[in-house]
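What follows is calculated from the coordinates using simple rules that are stated; it is not laboratory data. Keep in mind the model is a prediction, meaning the values are calculated, not measured. Cβ coordinates were reconstructed from backbone atoms using ideal geometry, including for glycine residues, and neighbour counts include every protein chain displayed.
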Amino acid sequence: MIAQCWRSWPGLIDACVDEIVVHDLCRFAMLLKPRPWGTAVNGVALWQVFELVRAQEWYTADLSTYLKLLTMLAKAKQAAEASNVFDCLLEDKLRPTTAIFTALLTVFTQSNQFKKALEIFESMRLYEGCVPDKYTYTAMIKGCCEAGLYVQARKIFDEMMIEGVKPSIVTYNILIHGYGKAGLFREVERVLSTMEANNVAPDTVTWNTLIRVFGLNCKIPEMEQAYEGLLRQGLQPDMVTLNSLISAYGTAGLFEKMESVTQYMQRYNYPMTRITYNIIMEAYGRAGMVDQMEETWKRMKAEFVKPNSSTFCSMLSAYGRHGYWHNVEKVMRQARYFDAADTAVYNAAIDAFQRAQNFEDMEKIFEEMKLKGHAPDDVTYSILIGAYERIRRVDKARDLQEEWNGSVKECEAE
DNA sequence: GTAATCATAT
């Protein structure tokens, strides 16, 4: 019923509202897909649904509902409504808790509004009983890392220790991931020493994170050491471990090693998932090994593993980079067939045509993209404008720049 | 209410 209301919003929603239970609001989280271009914003509709529910006579204010709502908004990266939700909570005469504040600031860290998150973090103590706990600190540290504020992350971690809040293994893993992705391996070492000093043993996620960040930084020997560390501790590699190894070997061009991990998976009955196939296709595609990429794609289809948008992005960019632009239309047909053609896929197709200087097909696919309701984003416009600037079509570049500015304004108005 | 694996451009 919720789903039906959703699809026919706003027409049917009034008719069905009595059947909406407050608790069911969380189901909307699953329906919050990126909005089609030019249609109503899901977040607004969600907000209106909540208002509607709140106006019902059977409505009783409940903290757990607010917690769910905020979690939902964080997932959907809809920060604009979060403050309203918090105001409603106060209006309903509920007392916020640490968990509420944590959820609230997570909405902002997830939406790239770190400053707002920090403001909430610093002012939450004004409310009785709202002292940051390990979840709050961990959320803030994650936000810092994602914003690239590593010094700040360290500061908050130190504060956590001073306040006597014990970091969890999750806190440590997030720090390792943040520092490692940025290549700050001395800091990674420091986190590992702190863990040891506090008698926290690394878990599978810790080792996987190390494998991942060494791989990202092309530190293959260190990565292999981390893998051995995992085994030495008596832990089993999981899908993430093996996919991370495949990804690292693939981007390093070590295809024999990559294949040996694949064989290991088959020998020990690890399922080859979409992620595994995507990683392998991306690796072959980037290296220009188009035959191997197509071979993998055939295997993926033969095994009935469902491709997604990133499968097609990898294929398109491989074809584009290596001069196979005439394959673009064929790939797009498959992407449409598997219902995986989204903004990113169109971007990759536009780029492939652009590289081939095929402006006619580039424009055609750009029009199709808009027609089908896939909003062009900053990547789309960067590709198009860059392409026209390179052939000195200043007029075209300027028109697109204006279109881009217009669409940005439209978003801000929401 | 916290964590890790895949994609599009410069």
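If the cut-off is 17 Å between C-alpha atoms, which lysines fall inside it for A:K77, apart from same-chain ones fewer than 8 positions away?
A:K33, A:K68, A:K115, A:K116, A:K142
Residue by residue through region A:214-221, which ³J(HN,Hα) values in whole Hz follow from phi under the Karplus form 6.51 cos²θ - 1.76 cosθ + 1.60 (θ = phi - 60°), with glycine and proline marked x?
With the stated coefficients, region A:214-221 comes to 5, x, 4, 9, 6, 9, 5, x Hz.
Using the basic label-point model (7 angstrom from Cα toward the beta carbon), what is the A:S168 to A:N112 distance in nanometres?
Here the modelled spin labels are 2.8 nm apart.
What's the ranking of A:311-318, A:364-371 by average number of surrounding C-beta atoms within 10 Å, highest first?
The densest-packed peptide leads the list: A:311-318, A:364-371.
Using +1 on the beta carbon of Lys and Arg, -1 on that of Asp and Glu, and nothing else charged, what's the dipole of region A:270-336 about the Cα centre, debye to 20? Mind dumping the intermediate values first?
On the way: 10 positive and 6 negative charges, 45 e Å.
The dipole magnitude comes to about 220 debye.
Tell me the label-point distance for the pair A:D291, A:E189, using the 7 Å Cα-to-Cβ offset, in nm and rounded to one decimal.
4.5
Just want to confirm a number: the relative contact order over chain A, from Cα pairs under 8 angstrom separated by 6+ residues, in percent.
It comes to 7 percent, rounded to a whole number.
Explain nothing, just the number: dipole magnitude of region A:183-249 about its Cα centre with +1 on each Lys and Arg Cβ and -1 on each Asp and Glu Cβ, in debye rounded to the nearest 20.
On the way: 5 positive and 8 negative charges, 24 e Å.
So the magnitude is around 120 debye.
For region A:234-272 and region A:358-414, what is the separation of their Cα centres, given in Å?
One Cα centre to the other: 39 Å.
If R₀ is 51 angstrom, what is the calculated FRET efficiency for the pair A:E159 and A:Q236, using the beta carbon separation as r and rounding to 0.05?
0.90
Identify which of A:I280, A:I120, A:I176 has the largest mean-square fluctuation in a Gaussian network model of chain A, with springs joining Cα atoms closer than 10 Å.
A:I120
For region A:137-220, what number results from the quotient of the Cα radius of gyration and 2.2 N^0.38 Å?
On the way: Rg = 12.0 Å, N = 84, 2.2 N^0.38 = 11.8 Å.
Its radius of gyration relative to the 2.2 N^0.38 Å reference: 1.01.
With +1 assigned to the C-beta of every Lys and Arg and -1 to the C-beta of every Asp and Glu, and no other charges, what is the dipole magnitude of chain A about the Cα centre in debye, to the nearest 20?
900
So what is the 222 nm mean residue ellipticity for chain A from helices alone, if each DSSP H run of at least 4 adds -39500 (n - 2.57) and you divide by all residues, rounding to the nearest 500 deg cm²/dmol?
Rounded to the nearest 500, the figure is -21500 deg cm²/dmol.
Round to the nearest 0.05 the FRET efficiency obtained for A:D377 and A:L90 when R0 = 41 Å and r is the Cβ-Cβ distance.
0.70
Determine the principal axes of the Cα atoms in chain A, then give the extent along each, sorted from largest to smallest and rounded to whole angstroms.
Principal-axis extents of chain A (Cα, largest first): 63, 58, 44 Å.
Could you derive backbone 3J(HN,Hα) for region A:281-294 from the dihedral phi with the Karplus parameters 6.51, -1.76 and 1.60 (θ = phi - 60°), listing whole Hz in sequence and x where the residue is Gly or Pro?
Calculated HN-Hα couplings, in order: 4, 4, 5, 4, x, 5, 7, x, 8, 5, 4, 5, 4, 5 Hz.
Return the loop-located trypsin sites (Lys or Arg not before Pro) in region A:178-280 (DSSP other than H, G, I, E, B) with at most 11 other Cβ atoms within 10 Å of their own Cβ; answer none if there are none.
Passing sites in region A:178-280 do not exist.
Which Cα, out of A:F338, A:M369, A:A352, lies furthest along the positive dipole direction of region A:328-370 (beta carbon charges, K/R +1, D/E -1)?
In region A:328-370, that residue is A:F338.
Once both labels are modelled 7 Å past Cα along the beta-carbon direction, what's the A:R299-A:N405 spacing in nm?
It is 5.1 nm.
Could you run the Debye sum over the Cα atoms of region A:199-343, one equal point scatterer each and no solvent, and tell me log10 of I(q)/I(0) at q = 0.13, 0.19 Å⁻¹, two decimals?
Computed log10 I(q)/I(0) values: -0.60, -1.10.
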